[in-house]
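Asker: Sharing a structure with you now.
Every number here is computed from the coordinates shown, using simple stated rules; none is lab data. The structure presented is a predicted model; accordingly, all values stated were derived computationally and were not measured. All Cβ positions, even for glycine, are placed from backbone atoms using ideal geometry, and neighbour counts span all protein chains on display.
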Amino acid sequence: MNGPAVDGQSTARPALTEISNAAVALHRDHFGRGPGAAKTHVTDNLVVCVLTDVFTPLERTLIDAGQEARVRETRAIHHAATEAAYKGRMEQVLGRPVEAHMSTIHVDPDVAVDIFVLGGGEGPASDGSG
């Protein structure tokens, strides 16, 4: 089933699922466990992956001990170290260059958001979930 077209393009549900699956795989590969769930939204040149239940047992222990800032700091360092891998994987899935990748976390509820800003004009470009 195709989502509504934006800029003359549309994104089929399987494409959104593939993007979500790539986000889950990246999280699993780099954090040792995948998130509990993932949902992707695509519009124009923006891809937003919302991941839930993302913290490792170690991170959860630190958060419970009042060390949320340490978890944020470690995640920021991790992001800097792995940005090329995240961008490269999404470029493979999307078939478009990724100009920027941003990532943030929220503790309660347990959510991470990965945002990819796309370059070029080809490939997915619609709202939806997967």
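Asker: Could you list Leu46, Leu94 in order of exposure, starting from the residue whose Cβ has the fewest other Cβ atoms within 10 Å? All intermediate terms of the calculation are to be shown ahead of the outcome.
Answerer: Numbers: Leu46 12, Leu94 23.
By the 10 Å Cβ count, ascending: Leu46, Leu94.
Asker: Would you mind checking which residues have amide H under 5 Å from Asp44's amide H? H placed 1.01 Å from N; only 5 or more apart, or other chain.
Answerer: Counting only residues 5 or more places away or on other chains, the set is Ser126.
Asker: Another one. Based on the alpha-carbon gyration tensor of the stretch 44-85 and its eigenvalue square roots a ≥ b ≥ c, which shape applies: rounded if a/c is under 1.5, prolate if not and a/b is larger than b/c, or oblate?
Answerer: Working: a/c = 2.72, a/b = 1.73, b/c = 1.57.
Here the stretch 44-85 falls in the prolate category.
Asker: Same structure again: Net charge around Ile63, counting only other residues with Cβ within less than 15 Å of its Cβ (Lys, Arg = +1; Asp, Glu = -1)? If you can, show how the numbers build up before the last one.
Answerer: Numbers: positive: Arg60, Arg70, Arg72, Arg75; negative: Asp53, Glu59, Asp64, Glu68, Glu73, Asp108, Asp110.
The answer is -3.
Asker: Next question. What is the order of Ile77, Ile19, Ile115, fewest Cβ neighbours within 10 Å to most?
Answerer: With the sparsest Cβ surroundings first, the list reads Ile77, Ile115, Ile19.
Asker: So what is the orientation-averaged projected area of the stretch 13-118, using the convex hull of its C-alpha atoms, in nm²?
Answerer: Values: hull surface 24.8 nm².
The directionally averaged projection comes out at 6.2 nm².
Asker: Which peptide among 102-110, 54-62 comes first, and what is the full order, when sorted by highest mean count of other Cβ atoms within 10 Å?
Answerer: On the way: 102-110: 12.9, 54-62: 15.4.
Taking the mean over residues of other Cβ atoms within 10 Å, the ranking is 54-62, 102-110.
Asker: May I ask you to evaluate 6.51 cos²θ - 1.76 cosθ + 1.60, the Karplus curve with θ = phi - 60°, for each residue of the stretch 89-103 and list the ³J(HN,Hα) values in order in whole Hz, giving x for glycine and proline?
Answerer: 5, 5, 4, 4, 5, 8, x, 9, x, 9, 7, 8, 9, 10, 9
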